[in-house]
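The structure appears right after this line, and notes come after that.
The values are calculated or read from the model by the stated rules, or taken from the named source; none is laboratory data. Remember, it's a predicted structure, so these values are computed and weren't measured experimentally. Cβ atoms come from the backbone with ideal geometry, glycine included; neighbour counts cover every protein chain shown.
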Amino acid sequence: MKKKIVVFASGNGSNFINIFEHLNRGFLDAKIILLISNNPKCGAVDFAKKNQINYKIINDFRYPELKNKNKEYEFVLQYYKTDLILLAGFMKKIPKNIVDIYKDRIMNIHPSLLPKFGGKGFYGMKVHNAAIKSNEKNSGATVHLVNGEYDKGKVIIQEKVKINASDTAETLASKVLKIEHQIYPKAIEIFFSDNFKTQQ
């Protein structure tokens, strides 16, 4: 039976799209069965609609009370019998009840070589600007498990890219995104391997 993956995304969803296409090519016995987003007008939702992927909008507007919103996450994920949750540019913190229920089954990708430039407030271009300003020789991307602290969970895979003297935050972002698209599918394969389970 195919493993069931749920993706959380708030923006264009380039990692979501990349993983969907990767799984469609049959590299792994897994399938994205649902997209969860807080942003009904984002690119990820548009892609889900065009590709007949179920999606669910969970945000403060639809669920003004926090406890109801957190319960809705729980209900939806259990309804879909979720094996793995992937965060792909999701701009909200995952509720504690979900982190607890899906312990070691939630992955995130971060656009730096963690632990550098991770934590609250470090996302998107802020990460790349920080790497450039700090005169780092390398940056890259990290896929890690999610726990109760921002960007502190166990690292599954990292890959680095060289920062050239001519790089700007924008050119670095482009290089790092290519790395993200390479390593996130690999991280999923590692996660579902027997070897990964024995390491836990």
Looking at 119, 148, which one is out of contact with any strand residue (DSSP E or B) (no Cβ under 6 Å at 6 or more places or on another chain), at pLDDT below 95, at positive phi and not charged (D, E, K, R)?
119
Residue 21 meets each of (1) farther than 20 Å from residue 109 by Cβ; (2) surrounded by fewer than 15 Cβ atoms within 10 Å (Cβ to Cβ); (3) not aromatic (Phe, Trp, Tyr) with one exception, condition (1)
Among residues belonging to the stretch 77-107 that are in contact with a Lys or Arg (Cβ under 9 Å, 6 or more places away or on another chain) and in a loop (DSSP other than H, G, I, E, B), point out the one that is farthest from residue 44 (Cα to Cα).
104
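Quick grid of which residues meet (1) over 21 Å from residue 75 (Cβ atoms); (2) hydrophobic (A, V, I, L, M, F, W, C); (3) modelled with pLDDT of 95 or more:
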{"position": "17", "(1), (2), (3)": "yes, yes, yes"}
{"position": "28", "(1), (2), (3)": "yes, yes, no"}
{"position": "45", "(1), (2), (3)": "no, yes, yes"}
{"position": "64", "(1), (2), (3)": "no, no, yes"}
Identify the residue in the stretch 132-154 that is out of contact with any Pro (no Cβ under 9 Å at 6 or more places or on another chain) and of a type in the set (A, V, I, L, M) and, among all such residues, is nearest to residue 88 (Cα to Cα).
143
Residue 143 in contact with a helix residue (DSSP H, G or I) (Cβ under 9 Å, 6 or more places away or on another chain), over 25 Å from residue 74 (Cα atoms) and either without any contact (Cβ under 8 Å) to a residue 60 or more places away in the chain or surrounded by 18 or more Cβ atoms within 10 Å (Cβ to Cβ) (or both):
no
Per the filter on the stretch 75-94, residues surrounded by fewer than 16 Cβ atoms within 10 Å (Cβ to Cβ) and either modelled with pLDDT of 95 or more or acidic (Asp, Glu) (or both) are 75, 78, 79, 81
Only residues that are of a type outside the set (A, V, I, L, M), in a loop (DSSP other than H, G, I, E, B) and free of Cβ contacts under 8 Å to residues at least 12 places away in the same chain: list them for the stretch 155-200, please.
164, 166, 193
